[in-house]
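Inspection log for the structure reproduced underneath, given as structure tokens.
The values are calculated or read from the model by the stated rules, or taken from the named source; none is laboratory data. What you see is a predicted model, and the numbers here were worked out from it, not measured in a lab. Ideal geometry is used to build each Cβ from the backbone, glycine not excepted, and the neighbour counts take in all protein chains shown. Protein only, heavy atoms only, side chains kept; ligands, DNA and RNA dropped before computing areas. Shrake-Rupley method; radii C 1.70, N 1.55, O 1.52, S 1.80 Å.
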Amino acid sequence: MELPKMIMFDFGQTLITESFDGVKGTSAVMEHAVSNKFGYSPEQIQEYVIKINKELGRNNRDFDSLLRVEVPNSMFQPYLYESLGIEMNLTPAQLDKIFWYAASPGEPTEGIGEFLDFLKSKKIRTGVISNICYDPSVVKQRVFETVPNNNFDFIICSSEYIFRKPSHHIFELGLMKAGLEAKDVWFIGDNYDCDVRGSRAVGIKPVWYQGAMKTPAVIQDDSVMTVKSWKELQTKMLE
């Protein structure tokens, strides 16, 4: 198999496996509230979050309706809390870290450290492109905490660069940062529409990683390399 010059990774459910409990995250944030004028509970706040997200179209699941522009928490959080009469004395980054770490405990996907070591040995460069609303500084901190032996050239967060996968803009930004042509790059992610279809549309070779999926994939695409573990991918790359 002809190996790439660079592999770009998705973050959530690819480099890291994590769950999500918005009420736990909001509960942690509310411990730092300066005032709560109307006495809203974390559960009530999360109900409002769900309502706003639905209005924004963040809950769309079909490819044509997927949100391609990010709503960063640096904009979302001030509206959320101020519109509910809740005063915070935290920076956007502090809010994001408190919420994310409480709502989504995570750990490296099994074998990712060994796979990154393998890529280093083959002199294959690496990077990250993530659809994520959290502050870029918090994302980068968590990446390095979770996967400390990485050698990523860059970490691109949609919260910093406007566009979300599957938008071609964010993949093209990755290619620009890498200084490479699409034919020399692979993209690995768990989401078929955002990661597989999005990267393939700009000429990047997609690899569909299913090792951290919460539920089995309902889509079958024999045209894309699909792996359930990093060891499996390493073996295929050596064939």
- [ ] Select from region 76-185 those GluC sites (Glu not before Pro) which occupy a DSSP coil region and have at most 12 other Cβ atoms within 10 Å, ordered by residue number.
- [x] GLU181
Task: Set of lysines near LYS177 by C-alpha distance (under 16 Å), chain-local residues within fewer than 8 positions excluded - done: LYS5
- [ ] Give the value in nm², to one decimal: projected area of the alpha carbon convex hull of region 3-133, averaged over all directions.
- [x] 9.8 nm²
- [ ] Calculate how many DSSP beta bridges within the chain are antiparallel, expressed in % of all such bridges and rounded to the nearest 5.
- [x] 25 percent
Task: R0 of 22 Å, Cβ-Cβ distance LYS236-LYS123: FRET efficiency to nearest 0.05 - done: 0.75
Task: Qualifying trypsin sites (Lys or Arg not before Pro) in region 135-217, DSSP loop, other Cβ atoms within 10 Å at most 10 - done: LYS214
Open item on the list: I need the per residue convex hull volume for region 118-229, using only the alpha carbons, in cubic angstrom as a whole number.
Closed with: 116 Å³
Open item on the list: Using the Karplus curve 6.51 cos²θ - 1.76 cosθ + 1.60 with θ = phi - 60°, what ³J(HN,Hα) values do you get for each residue of region 214-224, in whole Hz, with x for Gly and Pro?
Closed with: 6, 10, x, 5, 9, 9, 10, 9, 6, 7, 10
Open item on the list: What distance in nm lies between label points placed 7 Å from Cα along the C-beta direction at LYS5 and ILE219?
Closed with: 2.8 nm
Open item on the list: Give me the 1.4 Å probe accessible area per residue for region 1-62, excluding ligands and nucleic acids, in Å².
Closed with: 57 Å²
Open item on the list: Along the Cα→Cβ direction, 7 angstrom out, place labels at ASN60 and GLU110. What is the inter-label distance in nm?
Closed with: 3.6 nm
TODO: Report the net charge of residues surrounding VAL128, where surrounding means a beta-carbon distance below 13 angstrom and charges are Lys +1, Arg +1, Asp -1, Glu -1.
DONE: +1
- [ ] Just the number, please: carbon plus sulfur as a percent of the accessible area of region 1-58, 1.4 Å probe, no ligands or DNA/RNA counted.
- [x] 51 percent
TODO: Return the calculated 222 nm mean residue ellipticity for the chain, to the nearest 500 deg cm²/dmol, obtained by summing -39500 (n - 2.57) across DSSP H runs with n ≥ 4 and dividing by the residue count.
DONE: -11500 deg cm²/dmol
TODO: Before anything else, pin down the relative contact order of the chain: Cα pairs under 8 Å, at least 6 apart, normalised by residue count, whole percent.
DONE: 27 percent
Open item on the list: As an exercise, identify the trypsin sites (Lys or Arg not before Pro) in region 1-75 lying in DSSP coil whose Cβ has no more than 14 other Cβ atoms within 10 Å.
Closed with: LYS37, ARG61
Task: FRET efficiency estimate (nearest 0.05) - Cβ-Cβ, TYR79 to PHE38, R0 22 angstrom - done: 0.90
TODO: Could you list the square roots of 5 times each eigenvalue of the Cα gyration tensor of region 63-102, that is, the equivalent ellipsoid semi-axes, sorted largest first and rounded to whole Å?
DONE: 23, 14, 8
Task: Label-point separation in nm, GLU181 to PHE154, each point 7 Å along Cα→Cβ - done: 1.9 nm
TODO: Give me the net charge of SER199's neighbourhood, meaning all other residues with Cβ under 10 Å from the Cβ of SER199; Lys, Arg count +1, Asp, Glu -1.
DONE: +2
Open item on the list: List the aspartates and glutamates whose Cα sits under 13 Å from the Cα of LYS120, skipping any in the same chain fewer than 8 residues away.
Closed with: ASP153
Open item on the list: Longer than 32 Å from Cα to Cα, which of LYS122/LYS228; LYS24/LYS236; LYS214/LYS236; LYS54/LYS183; LYS24/LYS205 are they? Say none if no pair is.
Closed with: LYS24/LYS236; LYS54/LYS183; LYS24/LYS205
TODO: Just the number, please: carbon plus sulfur as a percent of the accessible area of region 148-239, 1.4 Å probe, no ligands or DNA/RNA counted.
DONE: 51 percent
TODO: Return an integer: the convex hull volume of the alpha-carbon atoms of region 131-172, in Å³ per residue.
DONE: 71 Å³
Open item on the list: Using Cα-Cα distances under 8 Å and only pairs 6 or more residues apart, what relative contact order does region 159-239 have, in percent?
Closed with: 23 percent
Task: the chain: radius of gyration over Cα atoms, expressed as a fraction of 2.2 N^0.38 Å - done: 1.06
